[in-house]
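J.: Before I ask anything, here is the structure I am working with.
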Amino acid sequence: MKPSRKQASILAAASLACAIVLGLTTASNATVAATTTKVPDAARPMTAAELYMLYHDKSWRWPDGAGRMQNTDRRFSAWVDGTGGQSWAEGRWAITDTGRLCLEATWHAANGQFPAKTCFVHRIFDGTIYQKRETGGAWIVFRHPTTEKTDEATNLIADDLVSQRLEALKTSLTVHKTE
C-alpha cells in the first residue's frame, strides 16, 4: 500500500527531526568521531549531579541550530535551520545516575509534528568525559581534563541561543501552514 501524500510529508518531517537529533554530536565533531575512542575499563557512569552541572541552563550549539536545557521544569527547546529545512522542538530533558542524558521533545516542521527521544551515555575517568549516543553511537571524548577547542563540550554555552530564534521559527512555520 502506497502512503498518502500527508503520510509521506509527515514521514519526511520525522526523518528530518531524527537526523537532527540523532546527529547532534556526530555532525559537529566529525573529526573526533572519525577516530575510534576507547573508553577505559575503569571509567564510571557520570552521576545525575555531574550531568546536571554539565548541562543545566546551557545551550548546545549545533552546525545548523541549537538546543537549550533549562533548569526550570527541565525544559528542552531547540531549533534547526539547515539544508533539510526548518524545525523547532519543545519538550523535557532528563538525567540519571547511570550517566544518561535524554532529550524528549515534539519536533515541528512545515509538514507536521512528531515526537522524538534521543539519549546520550556519559562515562568519566581521570577528568575525561566520554559520550556516545545510545543505539549505535560511537564513543567520543566529550571533554578532556583540560578543555581542548575540538571538545564537543565547548559547544555547551551559558548564552541562550534558542529562545529568540525559536519564537521566530514558530511564527514562520505557523504562517506557512495557514497559507
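J.: Just checking, how many residues over the range 47-63 are crowded, with 16+ Cβ neighbours inside 10 Å and among the acidic types (Asp, Glu)?
T.: 1
J.: Sticking with this one: Across the range 100-150, what is the total count of residues that are polar (S, T, N, Q), part of a loop (DSSP other than H, G, I, E, B) and farther than 21 Å from THR36 by Cβ?
T.: The total comes to 3.
J.: Follow-up. Would you mind stating whether THR171 is surrounded by fewer than 13 Cβ atoms within 10 Å (Cβ to Cβ) and not charged (D, E, K, R)?
T.: So THR171 passes the test.
J.: Could you list, in sequence order, the residues of the range 105-118 that are at pLDDT 95 or above and either β-branched (Val, Ile, Thr) or surrounded by fewer than 17 Cβ atoms within 10 Å (Cβ to Cβ) (or both)?
T.: Within the range 105-118, THR106, PRO115, LYS117, THR118 meet the criteria.
J.: So, one more: Return the pairs, sorted by first residue and then second, in which the second residue is in a strand (DSSP E or B) and β-branched (Val, Ile, Thr), the first residue lies in the range 54-75 and is closer than 12 Å to ALA158 by Cα and modelled with pLDDT of 95 or more, the beta carbons are less than 6 Å apart, and the residues are 6+ apart or on different chains.
T.: Between residues of the range 54-75 that are closer than 12 Å to ALA158 by Cα and modelled with pLDDT of 95 or more and residues that are in a strand (DSSP E or B) and β-branched (Val, Ile, Thr), the close pairs are SER59/ILE157.
J.: Just for the range 64-104: of the residues that are β-branched (Val, Ile, Thr) and crowded, with 21+ Cβ neighbours inside 10 Å, which one is nearest to the chain's Cα centre (by Cα)?
T.: By that ranking, first place goes to VAL80.
The values are calculated or read from the model by the stated rules, or taken from the named source; none is laboratory data. Keep in mind the model is a prediction, meaning the values are calculated, not measured. Please note: Cβ atoms are built from the backbone with ideal geometry, for glycine as well, and neighbour counts cover all protein chains shown.
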